[in-house]
1. Quick check: is even one residue across the stretch 314-323 in contact with a Phe, Trp or Tyr (Cβ under 9 Å, 6 or more places away or on another chain) and open to solvent by 70 Å² or more (accessible area, probe 1.4 Å)?
2. Quick check on this structure: which one of Gln470, Gln409 is in a loop (DSSP other than H, G, I, E, B) and within 27 Å of Leu323 (Cα to Cα)?
3. Do you know which residues across the stretch 77-103 are open to solvent by 20 Å² or more (accessible area, probe 1.4 Å) and under 16 Å from Ala190 (Cβ atoms)?
4. In the list Met454, Met444, which residue meets the criterion of being closer than 20 Å to Lys262 by Cα, in contact with a helix residue (DSSP H, G or I) (Cβ under 6 Å, 6 or more places away or on another chain) and of a type in the set (A, V, I, L, M, F, W, C)?
5. Taking the condition open to solvent by less than 10 Å² (accessible area, probe 1.4 Å), in contact (Cβ under 8 Å) with a residue 60 or more places away in the chain and either over 30 Å from the mean Cα position of the chain (by Cα) or more than 19 Å from Met597 (Cβ to Cβ) (or both), does Val685 pass?
6. For the structure I just gave you, tell me whether Glu248 is open to solvent by 50 Å² or more (accessible area, probe 1.4 Å) and under 19 Å from the mean Cα position of the chain (by Cα).
7. Regarding Gly476, is this residue at pLDDT 95 or above and under 30 Å from His618 (Cβ atoms)?
8. How many residues does the stretch 416-449 contain that are part of a strand (DSSP E or B) and either touching an Asp or Glu at 6+ places or on another chain (Cβ under 8 Å) or under 20 Å from Asp689 (Cβ atoms) (or both)?
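The values are calculated or read from the model by the stated rules, or taken from the named source; none is laboratory data. As the structure is a prediction and not an experimental result, all values here were calculated from the model. With ideal geometry, Cβ positions are generated from the backbone for all residues, glycine too; neighbour counts draw on all protein chains shown. Keep in mind that these areas ignore ligands, DNA and RNA; they rest on the heavy atoms of the full protein, side chains included. Shrake-Rupley method; radii C 1.70, N 1.55, O 1.52, S 1.80 Å.
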Amino acid sequence: MKTLLKICCWFFSIAVFLGLCTVGVFWYLWSSNLPYIGSLKEYRPPVVTEILSEDGQVIGRFWDEKRFVVPVEDLPEHLVHAFVAAEDARFYEHEGLDLLGIVRAFVKNIKAGKIEQGGSTITQQVTRSLLLKNTKRTYRRKAREAILSIQIEKNFSKERILFLYLNQIYLGQGAYGVEAAARTYFGKSAKDLDLAESAMLAGLPQAPSRYSPVKHFELAKARQKYVLGRMRENGYITDDEMRAAREEPLDILKERENPFKKASYFTEHVRKYLLKKYGHDLLYRGGLKVFTTVNLGMQKTAREALQKGLVELDHREGYRGPLRHLSTDEFPLFLEEEEKKITENPLAPGGVVEGLVGKVDDKVGAVEVLVGKVRCLLPFSEMKWARKPDPKKAYYAVKLKKPSQVLKQGDVILIRIKETGIHPFSWIVSLTQEPEAQAALLCMEPGTGRVKAMMGGRDFDVSQFNRATQARRQPGSAFKPLIYAAALDKGMSPAEVLIDAPYIGIKEGPEEEDWKPKNYKEKFFGPTLFRTALAKSRNVITVKILKKIGVYYAIQYAKRLGIESALSPDLSLALGSSGVSLMELTRAYSVFANGGMLINPIFIDRVVDRSGQVLEEHEPQPRQVISPETAYIMTDLLQAVIQEGTGWRIKALKRPAAGKTGTTNDLRDAWFMGYTPELVTGVWVGYDDRRSMGKGETGSRAASPIWLHFMSSVLAGKRVIAFPVPEDIVFAKIDAKTGLLASSFSKETVFQAFKQGTQPEKYSPKPTNPKTGQFLQFDMDFNQ
């Protein structure tokens, strides 16, 4: 018997030894090459980069994983308790593994007939997410997960583990961590979540898509009630608190916040710069803070000004017709679909919707438009603009007399809701259509270069092409001030008399035709002052000035003013034949506004990384490129453009302003470039396919109203400031015809700025009849 007992003991010892050896071997194999847990000390997960306006508002976020890292101490206690109760009730008791919790979860899930509780601890979830996320699910991985979880518990505090968990976990809708989830679902920071909201988030980790409060609110609500029950069971909340939280209505954000829409073209310009300089990883995973120069109030005004100007242009261009035409059999289905749309998005003033023409009444002078079951009245006064497009006829040359000239029953049209109607009509509406023309606007401070607003097109969602920075369009007469400034620095005088008469450019090759530049409306005006030639935008005189000062000199001068695009080395340069960007030309005009100092546009004030280190910072770096005197004389001349010439609409600004219109051949481009002492703003209008706009759509008509609307709004209520005058500038009252000092014989006079010592010294004499050929001889001498 003793022998048998010894044999049994011997076999048992061998079995235990072999078991321990087996466990040891497996432990060694499974624990070899474990990830280094020390990496958790420097937790640097992918986080969101934020682009901020000048007043700190978010205008763009970029990420690979939508995450904002927050310390646990900044989170409400009930939020932490909710996750612990839902995911790992014995978190504060176990050391990485919770065998009792696994058994309890198994039994509870069997009773419920579905998975309600997971068996993994919070520590195990951290291990899987941060250390084993790229490994396959195998028994070896499960063993390594257990080993690592135990090691983590030994080396890190419970608070550190919670910090990692609450910032790392995926909670659906692209949100990683509780802060991103709070913003995504509730539009608030995690620190501001109440108990009910916290419990809703704590129910997501098990199945973020299944329990999404956005897609499956009832399931999410049931899960929230479960979490609140677990919190009550674990003593975190009372029965009253549980009941109140369960009954609390939750306001879930159905649509994600999109700050990018606040300044889309501006933000995209900044994004491209950052991507080129810092690369994808730092931009989309590095958590940069990018402080920009954009003023959102001014940006909103720029958007409104562009929309208003383009709608007005579109109306002058004419009505392109209804969207489509329906037969009476198709009416019911269309109206039913529209009814569904307005049920989700009710009609409101300013809204644009599709409507069906129900009746056209020429006697009453109105059209009945149906939007679902809603009856709307379209008065003839709100559609009188809708002539058939004809680029050869000015908008005012065609007058409509009745609604039936435009619409008929069954037409599907776009209408804009204006105001509440009178029974039986719910709304008064106007006829509209989506503009086809595009426009761009750029505004910056001339003294600092800080860009305050930028619109690169009508709608970023429709076209991401930035016409303020990427497009190269002919500036037309808006380029002339650069030629005139160059002429001043070549010794020409604002009071110099030039002859506005036909000019023929000699052809350079046998196949080329003689070039004959013409003025707008093909008129010539004879003897004309230098200042008047710019104010009235005389083409032929500008060509003659360029010929006199030299094309190469003018090109080099333009480059000094910041023009970087290639310029045509011929006389057509005088008329703006070479394409430039709106940003280039705005920068060039800023030299006149800034006392001859050139400054680069600044979009970004500074870039800061996640640790607070400044990666780059931009300060104005002006450099003198022309004299303050030349800059001021150009400002004086460009003020004359507004007071006496093509920029006359800008007089409505009622404060000192200088600027120049620009129009290209066949009315393909319309510009207005202008500035006040505070701001320099450029506006371009045209079609992307470079087709002609309607007759008369010059820079004065198409572009300057946009500039005026923008500048009037952003300068409203601000103190009126005059342009500062350099010491070496003098003013003289001169005869508007002769350019000499005004005398008793002068019929029209103007005050003109001159560099000290260059002002006229003789008085204008009594007019005499010129000898035959005198002007012609003068003109020939000028062109030699």
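1. No: the stretch 314-323 contains no residue that is in contact with a Phe, Trp or Tyr (Cβ under 9 Å, 6 or more places away or on another chain) and open to solvent by 70 Å² or more (accessible area, probe 1.4 Å).
2. Gln409
3. Scanning the stretch 77-103 gives Glu77, His78, His81.
4. Only one candidate passes the filter, namely Met454.
5. It is true that Val685 is open to solvent by less than 10 Å² (accessible area, probe 1.4 Å), in contact (Cβ under 8 Å) with a residue 60 or more places away in the chain and either over 30 Å from the mean Cα position of the chain (by Cα) or more than 19 Å from Met597 (Cβ to Cβ) (or both).
6. Against the criterion (open to solvent by 50 Å² or more (accessible area, probe 1.4 Å) and under 19 Å from the mean Cα position of the chain (by Cα)), Glu248 does not qualify.
7. Answer is no for this residue.
8. Total meeting the criteria: 9.
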